[in-house]
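Input: a single structure, listed below in structure tokens.
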Amino acid sequence: MSESRDLTPSDCLALLRAGSLGRVAVSTPDGPHIVPVNYSVFDDTVVVRTSSYSVLGTHARDAVVALEIDGWDPATRHGWSVVARGRATIESDPRTIRAIRDAAPDAPWAGGTRNLYLRLRTDRLSGRAIGDLAPAATRAALESLGTDVDAHART
């Protein structure tokens, strides 16, 4: 059985930049909610597009939230997880919104209008891995960013 190990902040950031799908945890009056989202990284902040009346649009504004992303390979029992924690704020500057859209032109997967831009300014970033740093799909994404995945797997 493989031992788990902490990922470096640079590994965590590389995995965040390589990904686009995660889960945001937010506290609400009814208790915690975990919402699946697609996201992008812009100027070292995580950006989630949502609607004003969604759980995130209602409860994540100026709140401390967590974004979790992960990857795994059940056949080899290798995987990783990254958690970014920080305060989510609303981006309202039209020039910044245009720059975010230009940098990450993919539309949100969920239907409907997603015109609220939540920016997570990370103050804590952590991650853990078991076995190889990343399964095949994430390995390819990391390698395209110039990360030496095999060097990390040997450490």
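Could you calculate the FRET efficiency of Asp30 with Trp72 from 1/(1 + (r/R0)^6), where r is the beta carbon distance between them and R0 is 41 Å, rounded to 0.05?
Details: r = 30 Å, r/R0 = 0.73.
With a Förster radius of 41 Å, E is 0.85.
Can you tally the net charge around Ser54? Count Lys and Arg as +1, Asp and Glu as -1, for every other residue whose Cβ sits under 15 Å from the Cβ of Ser54.
+3
How much net charge surrounds Thr122 when only the other residues with a Cβ under 13 Å from the Cβ of Thr122 are counted, with Lys and Arg +1 and Asp and Glu -1?
With Lys, Arg at +1 and Asp, Glu at -1, the net is +2.
I'd like the FRET efficiency for Glu3 and Asp43, computed as 1/(1 + (r/R0)^6) with the beta carbon distance as r and R0 of 30 Å, rounded to 0.05.
The computed FRET efficiency comes out at 0.30.
Give, in nm to one decimal, the length gained when the segment between Arg85 and Ser52 is fully stretched (0.36 nm per residue of separation minus the Cα-Cα distance).
Separation in residues times 0.36 nm, less the Cα-Cα distance, equals 9.7 nm.
Highest mean first, how do 91-104, 68-81, 31-44, 12-25 rank when packing is the count of other Cβ atoms within 10 Å averaged over residues? Intermediate values should be presented prior to the final figure.
Details: 91-104: 12.7, 68-81: 16.9, 31-44: 15.1, 12-25: 19.7.
Final packing ranking: 12-25, 68-81, 31-44, 91-104.
The numbers here are math on the coordinates, done by the rules we state, and not lab data. In this text the structure is predicted, and so the values were computed from the model without any measurement. No Cβ is skipped: glycine too gets one built from the backbone with ideal geometry, and neighbour counts run over all protein chains shown.
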